[in-house]
Structure formats: C-alpha cells, structure tokens
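Below you'll find the structure, written out as structure tokens, and then a few comments.
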Amino acid sequence: MFKGTGTAIITPFNDDGSVDYTSLKQFTRFQVENGIEMLVVLGTTGEAPVIEEDEREKIIATVVEANNGKAKVIVGTGTNSTAHVVKNNKVAEKLGTDGVLIVNPYYNKGTQASLCEHYKFIAEKTELPIILYNVPSRTAMNMLPDTMLKIHSDCKNVVAIKEASGDISQIAKLLAAAPETLSVLSGNDDQTLPIMALGGKGVISVFSNVFPKEMSDLTNAMLEGRNNDALKIHNKYLEMMNLLFIETSPSPVKAACEILGLCKNRLRMPLLPVTDKSYEVIKLAINKLKA
C-alpha cells in the first residue's frame, strides 16, 4: 500500500512562532509536483511535540487541501500515551487522511510484549492503515523484528514499518521474514538504497523536503530494478543527506529550506536554528549540487 518516497514534511513558522500556513500550502504543492508519493505530516521533522491541538487539525487540513488527492497523506499520531494516540487517530480519520505513522512509546518505555499490546489496542480502534515507526535513537526502545511481525500478524491494518534503527543486520532479518503484506520503509535517507536492495519498498525521508524529485527518482529506480541509476543518485547526494543531520533534525533541513527559498529558518524551542558555521556548510553543499 505504501511505497516509493514519503516526505516527512517540515512545519513552516513565521517570525513570531505561529504556523506559516501559506508556506505550508506552497511546500505541499512543491512536494507533489516533484513526484512524492506520500506526505507524512507532524512527524519528528514536523516538530510534532511542540504543535498545539488546534494547530494540529489546521496543519493536517491544510496539507490535505493543498495535496488535492495527489499523494497519500499520512499523519504522525504517536505519543507515549496509548489513549492519546487513539485520540490523534480520530482527528486523522475525521480529516480524510490515508494512514497514520505511530512511533514507539518513549520515556515510559515498556517491553516487547507491551509494544504488542499497545499497538493492538490502537489498531482495534481505527480503520486507518498504520505504519509502525522504530527509531531507538529518539525513543530509547528498539522494536525487534519478531515483535514487528507479531504486531502485523495480530493487526491487519498494520501494513508498513518505518525502520530507523540504523541496524542493517536487524533490517535484513526483518525483510527476510516479512510477508508481502508488510512494507518495510527506510527511516534513514542514507540507508534507503541498501534497504531497498534487500527488499524494502521505499523511504520516509528528511532529504526529500529539499530534493523531492531526486529521492523520488532514486526509489523509483530501485522499484523498477534500475539499481545502477539509483546508485548514481545515492552517491551524488549522500553528502547532502548526511549534512541534514549535522545538528539535531529538523534544524539543518529548516536551514536548507530557507536557502532554497521554501520557508523561513524558524523553529520552536527547545530546538534552535543551526549555527552559522553549519548553515554555511549546508549552503555551500546546496550551491555545489545546484551548479
């Protein structure tokens, strides 16, 4: 169901810290016009932890309207409260989205068994397709392949996994055992090519915020078996992919978006814009690629 390139889209802000809905509309259109198959709203890259409830609804509605049915709209609804995730899912349902992305519970982390019960409880209360999100660097909890497969088996609307553990051996084990009904998506831009070579179906990307066509070209090439074409794109843009994590994401990609004229370089605390040094490094790399 979910394959190709999904952009974990930023949330643009005005100078006063309010959401810049005008830039969000323009940014959404920029993504779909450049071949993006999925728009992932209010994930980590969208600064979801600092978005208010009323803003959440308006942000989702704005993206749905600007998208106009062209790409699949997926909403990040995960929190460390099971009940709150269910509530967020109801909002996503109401606004006509195509699926939800649910990160592992963080801080009050449990066990592999509790993960299964957490996702089962949530899955029973929504008909939306669910993408699991495994990102131990942020949640301090790693969802193991056997756990992922059990959740998929128990919850038929769990249809995909965004795998951002960074552990290629773990991801290879998952892909070797995963049925066709479960799509594995890379959660790290620089691992998209190897994960897709192992059988992954695409990526949920930070890089595609600023280079949507290029990442879409890469995933399409892999899906079509044109691995050498994909490798050329990977090698050309690998440095840029890594520079977008030179400081805590999404600070670097916000800087890149400003450099490309897509939105202002504004974030909400506790995040700050990248340092001047990092900004210049990112700017130099972009100018080199655009030359």
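Figure legend. Inter-residue proximity from the range 58-72: first residues within 16 Å of Tyr21 (Cβ to Cβ), second residues open to solvent by 40 Å² or more (accessible area, probe 1.4 Å) and of a type in the set (Ser, Thr, Tyr), beta-carbon distance below 6 Å, spacing 6+ or different chains. Indicated pairs: Thr62/Tyr21.
When restricted to residues that are open to solvent by less than 50 Å² (accessible area, probe 1.4 Å) and either under 25 Å from Ile233 (Cβ atoms) or not polar (S, T, N, Q) (or both), the range 264-278 contains 5. Among the residues of the range 25-59, those identified as in a helix (DSSP H, G or I), over 17 Å from Gly78 (Cβ atoms) and under 16 Å from the mean Cα position of the chain (by Cα) are Phe27, Thr28, Gln31, Val32. Taken together, the criteria place Lys283 among residues that are within 26 Å of Gln191 (Cβ to Cβ) and either of a type in the set (A, V, I, L, M) or out of contact with any strand residue (DSSP E or B) (no Cβ under 6 Å at 6 or more places or on another chain) (or both). Only residues that are in a helix (DSSP H, G or I), of a type in the set (S, T, N, Q) and within 15 Å of the chain's Cα centre (by Cα) were counted in the range 175-226, giving 6. Out of the residues in the range 248-263 that are of a type in the set (S, T, N, Q) and either free of Cβ contacts under 8 Å to residues at least 24 places away in the same chain or within 13 Å of Phe13 (Cβ to Cβ) (or both), which is surrounded by the fewest Cβ atoms within 10 Å (Cβ to Cβ)? So the residue we want is Thr248. Within the bounds of the range 100-113, is there any residue that is open to solvent by 40 Å² or more (accessible area, probe 1.4 Å), among the aromatic types (Phe, Trp, Tyr) and without any contact (Cβ under 8 Å) to a residue 40 or more places away in the chain? Among the residues of the range 100-113, at least one is open to solvent by 40 Å² or more (accessible area, probe 1.4 Å), among the aromatic types (Phe, Trp, Tyr) and without any contact (Cβ under 8 Å) to a residue 40 or more places away in the chain, which makes the answer yes. Filter the range 123-148 down to the residues that are open to solvent by 40 Å² or more (accessible area, probe 1.4 Å) and either part of a helix (DSSP H, G or I) or among the hydroxyl-bearing types (Ser, Thr, Tyr) (or both) and list them by number. Result: Ser137, Arg138, Asp146. Based on this model, can you work out whether Lys254 counts as within 23 Å of Lys3 (Cβ to Cβ) and either basic (Lys, Arg) or at pLDDT below 95 (or both)? For Lys254, the condition - within 23 Å of Lys3 (Cβ to Cβ) and either basic (Lys, Arg) or at pLDDT below 95 (or both) - is not met.
For Lys120, are the conditions met, namely being surrounded by fewer than 23 Cβ atoms within 10 Å (Cβ to Cβ), at pLDDT 95 or above, assigned to a loop (DSSP other than H, G, I, E, B) and out of contact with any Phe, Trp or Tyr (no Cβ under 7 Å at 6 or more places or on another chain)? No, not satisfied.
Would the range 19-37 turn up any residue that is open to solvent by 40 Å² or more (accessible area, probe 1.4 Å), more than 19 Å from Gly69 (Cα to Cα) and either of a type in the set (Asp, Glu) or in contact with a helix residue (DSSP H, G or I) (Cβ under 6 Å, 6 or more places away or on another chain) (or both)? Checked the range 19-37: no residue is open to solvent by 40 Å² or more (accessible area, probe 1.4 Å), more than 19 Å from Gly69 (Cα to Cα) and either of a type in the set (Asp, Glu) or in contact with a helix residue (DSSP H, G or I) (Cβ under 6 Å, 6 or more places away or on another chain) (or both).
For the range 86-96, indicate whether the set of residues that are over 21 Å from Cys155 (Cα atoms) and touching a strand residue (DSSP E or B) at 6+ places or on another chain (Cβ under 6 Å) is non-empty. Checking the range 86-96: not a single residue is over 21 Å from Cys155 (Cα atoms) and touching a strand residue (DSSP E or B) at 6+ places or on another chain (Cβ under 6 Å). Close Cβ contacts (under 7 Å, 6 or more residues apart or on different chains) running from residues in the range 45-56 that are surrounded by 15 or more Cβ atoms within 10 Å (Cβ to Cβ) to residues that are basic (Lys, Arg) comprise Glu47/Arg268; Val50/Arg268. Residues of the range 68-83 that are open to solvent by 60 Å² or more (accessible area, probe 1.4 Å) and out of contact with any strand residue (DSSP E or B) (no Cβ under 8 Å at 6 or more places or on another chain): Asn68, Gly69, Lys70, Ala83.
The values are calculated or read from the model by the stated rules, or taken from the named source; none is laboratory data. All of these numbers come straight from a predicted model, not from anything done at the bench. Please note: Cβ atoms are built from the backbone with ideal geometry, for glycine as well, and neighbour counts cover all protein chains shown. All accessible areas refer to the heavy atoms of the entire protein, side chains included, with ligands and DNA or RNA removed. Shrake-Rupley method; radii C 1.70, N 1.55, O 1.52, S 1.80 Å.
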